[in-house]
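Only the coordinates and a few stated rules stand behind these numbers; no lab work does. Source: prediction; values computed, not measured. Reconstructed Cβ throughout: ideal geometry from the backbone, glycine too, with neighbour counts over all protein chains shown.
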Amino acid sequence: MNDVLNVMVKESNCNIKHLRVDGGVSKSDLLLQFQSQISNVNVERPEFIETTSLGVAIGCKKFCEGIDIETIKSHINFQSFKYESNN
C-alpha cells in the first residue's frame, strides 16, 4: 500500500494529507496504525465501514429527495489513527 501512495505523490506532485479507508480490512486498528506510521500520514476510518453500500443508499436518497452533499457529509464520523514521529 505504501508503494502505491508513494507513486501517487510522485506522479501527482501533491502531498497526501490523510488517507481514508473502509471495508473489512479497515476493522483492524493495528493495521491502520501501522499504515499511518509507515506512510507518515493520518489514516481515517468511518464509523460505518461499508461506505460503498452507504454511498449507493445516499445516492438513491439524494436522487429521490434532492438533499445536498454537505448535509450527507455532516452525518459521517471518522476515527483517526495519527502518525507519530519518533523524533
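A few notes on this one:
- Wholly within the chain, strands (runs of 3 or more DSSP E) carrying at least 3 residues that are surrounded by fewer than 15 Cβ atoms within 10 Å (Cβ to Cβ): 78-81
- Put simply, of Leu5, Leu19 the only residue that is touching a helix residue (DSSP H, G or I) at 6+ places or on another chain (Cβ under 6 Å) and among the hydrophobic types (A, V, I, L, M, F, W, C) is Leu5.
- Within segment 55-84, the set of residues being free of Cβ contacts under 8 Å to residues at least 24 places away in the same chain and closer than 20 Å to Ser28 by Cβ is empty.
- For segment 52-61, the condition of being out of contact with any strand residue (DSSP E or B) (no Cβ under 8 Å at 6 or more places or on another chain), under 22 Å from Glu84 (Cβ atoms) and among the small types (Gly, Ala, Ser) holds for none of the residues.
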